[in-house]
Amino acid sequence: MTEKEMLKLSVEEFSRLQDYMIESDKDSNAYKRMKRRYIELKVILTASGINISELDYIKE
């Protein structure tokens, strides 16, 4: 898998994950797990030089 393909998948996962988070109760265990992945993806995308300001609509 190329770096571009990996970044594409990460952006898609980041977007999809936020959709799931919005639909979940913030006090649930599922939300807490999703938030951990959300933070991981933010770090990966930011370190890769992706400007996530427009992609990140949860902003946690």
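Six or more apart or on different chains, Cβ under 6 Å: which pairs go from a residue in the range 22-33 that's under 19 Å from residue 56 (Cα atoms) to one that's part of a helix (DSSP H, G or I)? Could you list them? These pairs meet every condition: 24/30; 24/31.
Filtered by the rule that a residue be part of a loop (DSSP other than H, G, I, E, B) and surrounded by 11 or more Cβ atoms within 10 Å (Cβ to Cβ), the range 27-56 gives 48, 50, 52, 55, 56.
Go over the candidates 38, 31 one by one and state the one that is more than 19 Å from residue 51 (Cβ to Cβ) and among the aromatic types (Phe, Trp, Tyr).
Every option except 31 fails the conditions.
Only the coordinates and a few stated rules stand behind these numbers; no lab work does. Predicted model only: the values in this text are computed from it and were never measured. Because the Cβ atoms are built from the backbone with ideal geometry, glycine has one as well, and the counts that use them run over all protein chains shown.
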